[in-house]
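Reviewing the structure listed below.
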Amino acid sequence: TCTTLAMGELTADQEANLAFMAQEEKLALDLYTAFADQYGARVYERIARSEAQHLGAVRSLLEKYGLADPTAALAAGEFASAGPQSMYDDLLALGTASLEDALGVGRTVELADIAALDNALTGVTAEDVQQVLSSLRSASERHLAAFGG
């Protein structure tokens, strides 16, 4: 786990990327939970559980590095920043039209996660952060495949 790996130095951009990744993971978790409830599709139930673990891993890093968690104490579907809130609202509306549309939303979210993780990994030398972000990226690739991407 991230707590056993050595801490490193993070730049301000890397700290901001970690906070952003918490919002990305919460967005995925909240969307997939909503779609699991609406459609009863196992793919959403499984991946929502995975996203909950991912959010926990990012939150552990935020705590370890003494960084504020922008997702703390927010209900499902609530975000502290306008960008993630707008994205969530738009994707939720799109995905509630049909299961096929919801699967498309899953592909969109995972592709966005992969791009964000690639950006977040750039220049990171802290072993714990590298390990968590790399693990999240691998999981996003598996989720993308599960959504037919």
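Numbers below:
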{"quantity": "Mean residue ellipticity (222 nm) of the chain, computed from DSSP H runs ≥ 4 via -39,500 (n - 2.57), nearest 500", "calculated": "-25000 deg cm²/dmol"}
{"quantity": "Whole-number percent relative contact order across the chain, with pairs defined as alpha carbons under 8 Å at least 6 apart", "calculated": "34"}
{"quantity": "Karplus 3J(HN,Hα) series, Hz, for segment 108-116 with 6.51 cos²θ - 1.76 cosθ + 1.60 (x for Gly, Pro)", "calculated": "4, 5, 5, 5, 5, 4, 4, 5, 5"}
{"quantity": "Among L61, L99, L121, residue whose mean-square fluctuation peaks in a GNM of the chain (springs only between Cα atoms under 10 Å)", "calculated": "L99"}
{"quantity": "Label-point separation in nm, E141 to D13, each point 7 Å along Cα→Cβ", "calculated": "2.4"}
{"quantity": "Average accessible surface area per residue within the chain, 1.4 Å rolling probe, Å²", "calculated": "47"}
{"quantity": "For T71, net neighbour charge (Lys/Arg +1, Asp/Glu -1) across residues whose Cβ lies under 11 Å away", "calculated": "-3"}
{"quantity": "Carbon/sulfur fraction of accessible area - segment 37-149, other protein chains in place, 1.4 Å, %", "calculated": "51"}
{"quantity": "Dipole magnitude of the chain, debye to nearest 20 (Cβ charges: Lys/Arg +1, Asp/Glu -1, about Cα centre)", "calculated": "380"}
{"quantity": "Folded to 0 to 90 degrees: helix 82-95 orientation relative to the chain principal axis, Cα", "calculated": "30"}
{"quantity": "Solvent-accessible ranking of E127, E15, largest area first, probe 1.4 Å", "calculated": "E127, E15"}
{"quantity": "Option label - semi-axes √(5λ) of the Cα gyration tensor in Å computed here, alternatives [x] 26, 16, 13; [y] 35, 23, 16; [z] 24, 18, 17", "calculated": "[x]"}
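The values are calculated or read from the model by the stated rules, or taken from the named source; none is laboratory data. What you see is a predicted model, and the numbers here were worked out from it, not measured in a lab. Cβ coordinates were reconstructed from backbone atoms using ideal geometry, including for glycine residues, and neighbour counts include every protein chain displayed. The protein model used for the area step is the full one, side chains on, heavy atoms only, and it has no ligands, DNA or RNA in it. Shrake-Rupley method; radii C 1.70, N 1.55, O 1.52, S 1.80 Å.
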